[in-house]
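Visitor: This is the structure I want to talk about, given as structure tokens.
The values are calculated or read from the model by the stated rules, or taken from the named source; none is laboratory data. Keep in mind that this is a model prediction, so the values were computed, not measured. Neighbour counts are summed over all protein chains in view; Cβ atoms, including those assigned to glycine, are modelled from backbone coordinates with ideal geometry. Just so you know, the surface numbers come from the protein's heavy atoms only, side chains and all, with ligands and any DNA or RNA stripped out. Shrake-Rupley method; radii C 1.70, N 1.55, O 1.52, S 1.80 Å.
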Amino acid sequence: MTGYNLKIESGRLSFQPERDYKGKILFFTFLAVGIFVVTPMLHLYHDTHWAVMAIGLVSALTALYDFIFHFNVTYIFDQYTRQVSKKIPGLFTRKIMAFEDVFILHVQEDGLLHYALSHKQNKYGKSSLLVNPLVLTAKAK
């Protein structure tokens, strides 16, 4: 569970389920850096130059967005307040739902089975992906 940064302390369980964004963030970061470094050295037409730079900008913004809003997201299960919270470090902590309203779904995304956190009244509405059980079994071995 080290891949999920699992911590249990003083009645609080916290973990970061979306650590698999690391590869995507690195890819888009290296793509953006490569574009910003190489493109000025090439002798391209003015319109082509700015089109390639726009691709670099979109890549950089994608990496930044995924780093802020996906990679560092932490879910906190607090035993004392009996609440589930979603924390984005440096920005906010938001209470999602009470323990009594939590429902764990089996969701298939990208051809893989995941567990998702959902609200009991609207099970198949908005949900948050939690854990890929295949990753858990692979790391346990």
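Visitor: Collect the residues in the stretch 39-80 that are among the polar types (S, T, N, Q) and out of contact with any helix residue (DSSP H, G or I) (no Cβ under 6 Å at 6 or more places or on another chain), keeping them in residue-number order. Show your work before the answer.
Guide: Of all residues in the stretch 39-80, those among the polar types (S, T, N, Q) come to 39, 48, 59, 62, 72, 74, 79.
Listed by number, the residues that qualify are THR48, ASN72, THR74, GLN79.
Visitor: Tell me, please, whether a residue that is touching a residue at least 24 places away in the same chain (Cβ under 8 Å) and polar (S, T, N, Q) can be found in the stretch 55-67.
Guide: Yes.
Visitor: List, please: which pairs have Cβ atoms under 7 Å, are six or more places apart or on different chains, and start with a residue in the stretch 77-95 that is aromatic (Phe, Trp, Tyr) and end with one that is open to solvent by less than 40 Å² (accessible area, probe 1.4 Å)?
Guide: Close Cβ pairs (under 7 Å, with a partner that is open to solvent by less than 40 Å² (accessible area, probe 1.4 Å)) amount to PHE77/VAL84; TYR80/GLY11.
Visitor: If a residue counts only when it is open to solvent by 60 Å² or more (accessible area, probe 1.4 Å) and not aliphatic (A, V, I, L, M), which strands (runs of 3 or more DSSP E) contained entirely in the stretch 6-124 have at least 3 such residues?
Guide: Values: elements: 7-9, 12-15, 74-78, 83-88, 92-98, 102-109, 112-119.
So the answer is 92-98, 102-109.
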